[in-house]
Amino acid sequence: MEQFVKSGDGWRVGWSPHHSKYQGLVGANDWAIELTQAELLDFCRLLNQLVATMSQMATELMDEEKISCEAETDLLWLEVEGYPHSYSLRLIIHCDRRCEGNWSEGIAPNLVEAINSLELG
(Lines give C-alpha, C1' and ligand atoms only; values in the text may rest on other atoms or scores of the structure.)
Protein backbone atom coordinates (compact mmCIF):
# COMPACT_ATOMS: atom_id res chain seq x y z
CA MET A 1 0.00 0.00 0.00
CA GLU A 2 1.52 3.29 -1.12
CA GLN A 3 1.36 6.33 1.06
CA PHE A 4 3.22 9.60 0.95
CA VAL A 5 4.07 11.76 3.95
CA LYS A 6 6.14 14.90 3.67
CA SER A 7 7.21 17.07 6.56
CA GLY A 8 9.34 20.07 7.34
CA ASP A 9 9.90 22.57 10.08
CA GLY A 10 6.40 23.25 11.45
CA TRP A 11 4.34 21.33 8.89
CA ARG A 12 3.43 17.90 7.54
CA VAL A 13 1.16 16.64 4.80
CA GLY A 14 0.24 13.13 3.74
CA TRP A 15 -1.67 11.20 1.10
CA SER A 16 -2.73 7.56 1.30
CA PRO A 17 -5.08 6.85 -1.62
CA HIS A 18 -6.02 3.35 -0.48
CA HIS A 19 -7.67 4.34 2.80
CA SER A 20 -11.43 4.23 2.60
CA LYS A 21 -12.51 7.50 4.24
CA TYR A 22 -9.55 9.68 5.17
CA GLN A 23 -6.87 9.70 2.49
CA GLY A 24 -5.23 13.00 3.43
CA LEU A 25 -3.37 14.41 6.41
CA VAL A 26 -2.32 17.95 7.25
CA GLY A 27 -0.67 19.13 10.42
CA ALA A 28 2.09 20.88 12.27
CA ASN A 29 4.69 19.63 14.75
CA ASP A 30 2.19 18.98 17.53
CA TRP A 31 -1.13 18.28 15.80
CA ALA A 32 -2.60 16.64 12.68
CA ILE A 33 -6.02 16.28 11.05
CA GLU A 34 -7.01 13.51 8.68
CA LEU A 35 -8.92 14.73 5.61
CA THR A 36 -11.14 13.09 3.03
CA GLN A 37 -9.96 13.28 -0.56
CA ALA A 38 -12.44 16.09 -1.28
CA GLU A 39 -11.28 18.06 1.78
CA LEU A 40 -7.62 17.64 0.83
CA LEU A 41 -8.29 18.73 -2.75
CA ASP A 42 -10.13 21.84 -1.50
CA PHE A 43 -7.33 22.53 0.99
CA CYS A 44 -4.72 22.34 -1.78
CA ARG A 45 -6.69 24.51 -4.19
CA LEU A 46 -7.54 27.20 -1.62
CA LEU A 47 -4.04 27.29 -0.16
CA ASN A 48 -2.54 27.77 -3.62
CA GLN A 49 -4.99 30.62 -4.26
CA LEU A 50 -4.21 32.33 -0.96
CA VAL A 51 -0.44 32.03 -1.34
CA ALA A 52 -0.69 33.48 -4.86
CA THR A 53 -2.83 36.34 -3.53
CA MET A 54 -0.31 37.14 -0.80
CA SER A 55 2.50 37.16 -3.36
CA GLN A 56 0.54 39.51 -5.64
CA MET A 57 -0.28 41.83 -2.73
CA ALA A 58 3.41 42.39 -1.94
CA THR A 59 3.61 45.16 -4.56
CA GLU A 60 0.37 46.79 -3.39
CA LEU A 61 1.14 47.19 0.31
CA MET A 62 3.60 49.28 2.26
CA ASP A 63 6.28 47.31 4.14
CA GLU A 64 4.57 47.75 7.52
CA GLU A 65 1.07 46.81 6.30
CA LYS A 66 -0.46 43.46 7.21
CA ILE A 67 -3.28 41.77 5.34
CA SER A 68 -5.81 39.04 6.00
CA CYS A 69 -7.31 36.92 3.20
CA GLU A 70 -9.74 34.03 3.49
CA ALA A 71 -11.17 31.42 1.17
CA GLU A 72 -13.94 28.91 1.82
CA THR A 73 -15.78 25.95 0.37
CA ASP A 74 -18.62 23.88 1.81
CA LEU A 75 -15.97 21.62 3.33
CA LEU A 76 -13.42 24.00 4.85
CA TRP A 77 -12.23 27.54 5.50
CA LEU A 78 -8.68 28.89 5.22
CA GLU A 79 -7.21 32.22 6.26
CA VAL A 80 -3.78 33.73 5.81
CA GLU A 81 -2.82 36.73 7.92
CA GLY A 82 0.31 38.82 8.17
CA TYR A 83 2.80 40.43 5.85
CA PRO A 84 2.96 39.30 2.21
CA HIS A 85 6.42 37.79 2.87
CA SER A 86 5.55 36.20 6.25
CA TYR A 87 2.06 35.16 7.28
CA SER A 88 0.23 32.59 9.36
CA LEU A 89 -2.32 30.08 8.06
CA ARG A 90 -5.49 28.91 9.77
CA LEU A 91 -7.79 26.01 8.82
CA ILE A 92 -11.32 25.12 9.95
CA ILE A 93 -13.03 21.91 8.79
CA HIS A 94 -16.81 22.35 8.41
CA CYS A 95 -17.77 18.68 8.16
CA ASP A 96 -18.77 16.26 10.91
CA ARG A 97 -15.42 16.57 12.73
CA ARG A 98 -15.42 20.35 13.23
CA CYS A 99 -11.62 20.55 13.50
CA GLU A 100 -9.29 23.48 13.29
CA GLY A 101 -5.57 24.02 13.12
CA ASN A 102 -3.02 26.69 12.40
CA TRP A 103 0.51 27.12 11.12
CA SER A 104 3.01 29.76 12.19
CA GLU A 105 4.31 32.54 9.98
CA GLY A 106 6.49 31.40 7.12
CA ILE A 107 5.08 27.86 6.85
CA ALA A 108 2.49 28.29 4.06
CA PRO A 109 4.92 28.57 1.09
CA ASN A 110 6.71 25.36 2.18
CA LEU A 111 3.38 23.61 2.66
CA VAL A 112 2.27 24.64 -0.85
CA GLU A 113 5.47 23.27 -2.34
CA ALA A 114 4.87 19.93 -0.57
CA ILE A 115 1.21 19.59 -1.52
CA ASN A 116 1.96 20.44 -5.13
CA SER A 117 4.45 17.57 -5.23
CA LEU A 118 1.85 15.02 -4.04
CA GLU A 119 0.18 12.97 -6.74
CA LEU A 120 -3.44 13.31 -5.69
CA GLY A 121 -6.07 11.21 -7.43
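The values are calculated or read from the model by the stated rules, or taken from the named source; none is laboratory data. No experiment lies behind these values; they were computed from the predicted model shown. Cβ: placed from backbone, ideal geometry, glycine included. Neighbour counts: every protein chain shown. Protein only, heavy atoms only, side chains kept; ligands, DNA and RNA dropped before computing areas. Shrake-Rupley method; radii C 1.70, N 1.55, O 1.52, S 1.80 Å.
Numerical summary
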| item | result |
| --- | --- |
| Virtual paramagnetic centre 7 Å along Cα→Cβ of residue 104, amide N under 15 Å, in the stretch 1-32 | 8-12, 28-31 |
| Projected-area average for the chain over all orientations - Cα convex hull basis, square nanometres | 7.3 |
| In the stretch 45-111, GluC sites (Glu not before Pro) in a DSSP loop with at most 13 other beta-carbon atoms within 10 Å | 60, 64, 65 |
| Cβ-placed point charges (K, R +1; D, E -1), dipole of the chain about Cα centre in debye, nearest 20 | 420 |
| Range in the chain, longest, excluding exposed chymotrypsin sites (Phe, Trp or Tyr not before Pro) [loop by DSSP; at most 16 other beta-carbon atoms within 10 Å] | 32-121 |
| Heavy atoms of residue 67 accessible to a 1.4 Å probe, total area in Å² rounded to 10 | 30 |
| Restricting the stretch 35-96 to trypsin sites (Lys or Arg not before Pro) in coil, as DSSP defines it, with at most 15 other Cβ within 10 Å | 66 |
| Largest-first ordering by accessible area, 1.4 Å probe, given options 18, 94 | 18, 94 |
| Length-normalised contact order for the chain - Cα pairs under 8 Å, 6+ apart - percent | 21 |
| Accessible area of the chain belonging to carbon and sulfur atoms, whole % at 1.4 Å probe | 44 |
| List 53, 73, 59, ordered by accessible area with a 1.4 Å probe, largest first | 59, 53, 73 |
